[in-house]
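K.L.:
Please read through the structure below; I'll follow up with questions.
The values are calculated or read from the model by the stated rules, or taken from the named source; none is laboratory data. Predicted model, so just to flag it, every value in this text is computed and none were measured. Neighbour counts run over all protein chains shown; Cβ positions are idealised from the backbone, glycine included. SASA here: full protein model, heavy atoms, side chains in, ligands and nucleic acids out. Shrake-Rupley method; radii C 1.70, N 1.55, O 1.52, S 1.80 Å.
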Amino acid sequence: DEFAQRGFAGARTQEIARKAGVNKALIHYHFKDKSSLYQAVTDEMMFDLIRISQNVSKRNLRDAALVEALFSDFFDYAARHRNFARLTTMEGAAGETRYLEASIKNLFRPLFQRGVEFLEEHIAKKTIRKIDAPHFLVTVFLMTLSYFTESPWISILLGQGALSPQVLAQRKKALLDFVFAVLQIKKMGLK
């Protein structure tokens, strides 16, 4: 929260310790400096994304069920990590852009590439309509994350809390309906 609210440069270790309910010395015992702490935070979020992909793969889902599971799990991930978008922007990372860039290249980009390959494989099979797979995934990624970064404004627009469980469920369904409509695939009885 501290890194997301204040950016890397503005975040204070003392405030992080206070919010965590620990002594500042304990943070310095485990992390040599603020950069190390920031890196641990971003690494954990990236590893969560990898775990999502691995867990969905283990379920041996196919076609529409696989698309639904991947999107649904990513949306749930973004809901759990509401600061992900802020933490992974160059502005939020400030002096940590090289580390962030390496993390995105080494951890997130392979997941992205797998998604592109999956879509292109189904385009070739004609099980989904022809789309620009990389840009479609970027659009879905941004639509999902921007909802959480802009939730205060969205709450005003909706006239209710954008992060309430009921509204999150509605948003997830709306985005999933969008994904299926763009790809022109049917859910075939999926919830």
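K.L.:
Using only the Cα atoms, work out Rg/Rh for the stretch 46-166, with Rh taken as the Kirkwood radius, to two decimals.
P.N.:
Computed over Cα atoms, the ratio is 0.99.
K.L.:
Still on this structure, I have one more. Among Val140, Leu26, Leu37, flag the residue with its Cα farthest along the positive direction of the charge dipole of the stretch 1-146, charges on Cβ as +1 for Lys/Arg and -1 for Asp/Glu.
P.N.:
Leu26
K.L.:
When we measure straight from the Cα of Lys24, which aspartates and glutamates land under 16 angstrom away, once same-chain ones fewer than 8 places off are left out?
P.N.:
Of all the aspartates and glutamates, those that pass the test against Lys24 - Cα under 16 Å, at least 8 places apart if same chain - are Glu2, Glu15, Asp33.
K.L.:
Place a +1 charge on the Cβ of each Lys and Arg in the chain and a -1 charge on the Cβ of each Asp and Glu, then give the dipole magnitude about the Cα centre in debye, rounded to the nearest 20.
P.N.:
400
K.L.:
Provide the gained length on full extension for the span Ser36 to Leu157, in nm with one decimal, where the gain is 0.36 nm per separating residue minus the Cα-Cα distance.
P.N.:
Stretched fully, the Ser36-Leu157 segment lengthens by 39.7 nm.
K.L.:
Starting from the 7 Å offset along Cα-to-Cβ, what nm value, one decimal, do you get for the label separation of Val22 and His135?
P.N.:
That separation, rounded to one decimal, is 4.5 nm.
K.L.:
Could the peptides 112-119, 163-170, 71-78 be put in order, highest first, of the mean number of other beta-carbon atoms found within 10 Å of their residues?
P.N.:
Per-residue Cβ counts within 10 Å, averaged per peptide and sorted highest first, yield 71-78, 112-119, 163-170.
K.L.:
Measure off, as a whole percent, the carbon and sulfur share of the 1.4 Å-probe accessible area of the chain, all protein chains present.
P.N.:
Its accessible area is 56 percent carbon and sulfur atoms.
K.L.:
Same structure again: Could you tell me the largest-minus-smallest coordinate of the C-alpha atoms of the stretch 115-155 on each of the three principal axes, in descending order and whole angstroms?
P.N.:
42, 14, 12
K.L.:
State in Å² the accessible area per residue of the stretch 25-87; use a 1.4 Å probe, count heavy atoms of protein chains only, and round to the nearest integer.
P.N.:
Ligands and nucleic acids excluded, the figure is 52 Å² per residue.
K.L.:
Suppose only helical runs count, i.e. DSSP H with n ≥ 4. What mean residue ellipticity at 222 nm does that imply for the chain under -39500 (n - 2.57) per run, divided by all residues and rounded to the nearest 500 deg cm²/dmol?
P.N.:
Mean residue ellipticity, 222 nm, calculated: -23000 deg cm²/dmol.
K.L.:
Mean Kyte-Doolittle of at least 0.5 plus a Cα span of 15 Å or more along the axis: flag which DSSP H helices in the chain meet both, please.
P.N.:
133-149, 165-183
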